[in-house]
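One structure is given below, encoded as C-alpha cells.
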Ligand SMILES: [Fe+2]
C-alpha cells in the first residue's frame with residue numbers, strides 16, 4: 001500500500017488580523033458615554049440587550065486616530081493605500097447583554113472591532129465558518145477546536161475580519177461595562 005505521496009491543500013484560509021491601539025482609550029470612552037447619555041435611544045443591530053450608538057463615529061474627531069490606525073494596518077497588510085471607513089458604532093454591554101450570531105454585508109471588504117473597556121468575564125467574541133459543511137467531519141480534523149474560534153478581547157485590541165464571517169459575542173457576566181467600537185470598511189487602492 002503506497003501512502004507516502006499524500007498531500008493536503010488547505011484552500012481559502014480565512015484571515016483574522018489582530019493589532020493593538022491603546023492610545024486615546026479614555027477620550028473615546030468618555031465620548032461613548034456622552035453619546036450614550038443623549039436622548040434618542042439605542043440602535044438595534046446584533047445586540048441582545050446592550051446599547052449601540054449611531055453608525056457615524058468615523059466622522060467624529062475623537063475616533064480619527066483609531067480610523068488612522070485601522071487604515072495603516074490595512075495599508076501594510078493588503079499593500080493598498082489605506083481603508084475607507086463607512087460605518088463605525090459603539091456598543092456598551094452590561095451584565096447579561098450579548099450579541100447574537102450575524103455577519104456584516106457584502107458591501108464591505110472588512111469589518112472589525114476595537115475594545116475600549118473589557119472587564120474580566122465580559123464576553124469573548126466567537127467566529128464561525130458560514131460555509132455549509134465546513135465544520136463537519138472529517139474537515140474539522142484540520143481545525144484546532146470544534147466549529148468555532150474564540151478570541152479573548154482586551155483593552156486596546158483591534159480585530160479585523162472578512163465582513164462575511166459569522167460572529168457573536170458571549171454574555172457579559174461581569175457587573176462592569178464592556179465597551180467596544182465596531183466598523184465596516186473598504187480598501188482604498
Ligand atoms: Fe458584528
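Treat the count of other C-beta atoms within 10 Å as a stand-in for reagent exposure and order 67, 74 from fewest to most.
Lowest to highest Cβ neighbour count: 67, 74.
Would you mind calculating the relative contact order of the chain from Cα pairs under 8 angstrom and at least 6 residues apart, reporting the percent as a whole number?
Averaging sequence separation for qualifying contacts and normalising by length gives 32 percent for the chain.
How large is the helix-only mean residue ellipticity at 222 nm for the chain, computed as the sum of -39500 (n - 2.57) over DSSP H runs with n ≥ 4, divided by its residue count, in deg cm²/dmol to the nearest 500?
-5000 deg cm²/dmol
For the chain, find the longest principal axis of its Cα atoms and tell me its angle to the long axis of helix 25-37, 0 to 90°, nearest 10.
The answer is roughly 70 degrees.
Taking other Cβ within 10 Å of each residue's Cβ, how do 104, 86 sort, fewest first?
By the 10 Å Cβ count, ascending: 86, 104.
Sorting 178, 173, 128 on the 10 Å Cβ count, fewest up front, what's the list?
Going from sparsest to densest Cβ surroundings: 173, 128, 178.
On C-alpha positions alone, give me the angle between the axis of helix 64-78 and the longest principal axis of the chain, in degrees, nearest 10.
Between helix and principal axis, roughly 20 degrees.
Read-outs throughout are calculated quantities, based only on the coordinates presented, and are distinct from any laboratory measurement. All figures in this text were calculated on a predicted structure; none of them were measured in a lab. Neighbour counts are summed over all protein chains in view; Cβ atoms, including those assigned to glycine, are modelled from backbone coordinates with ideal geometry.
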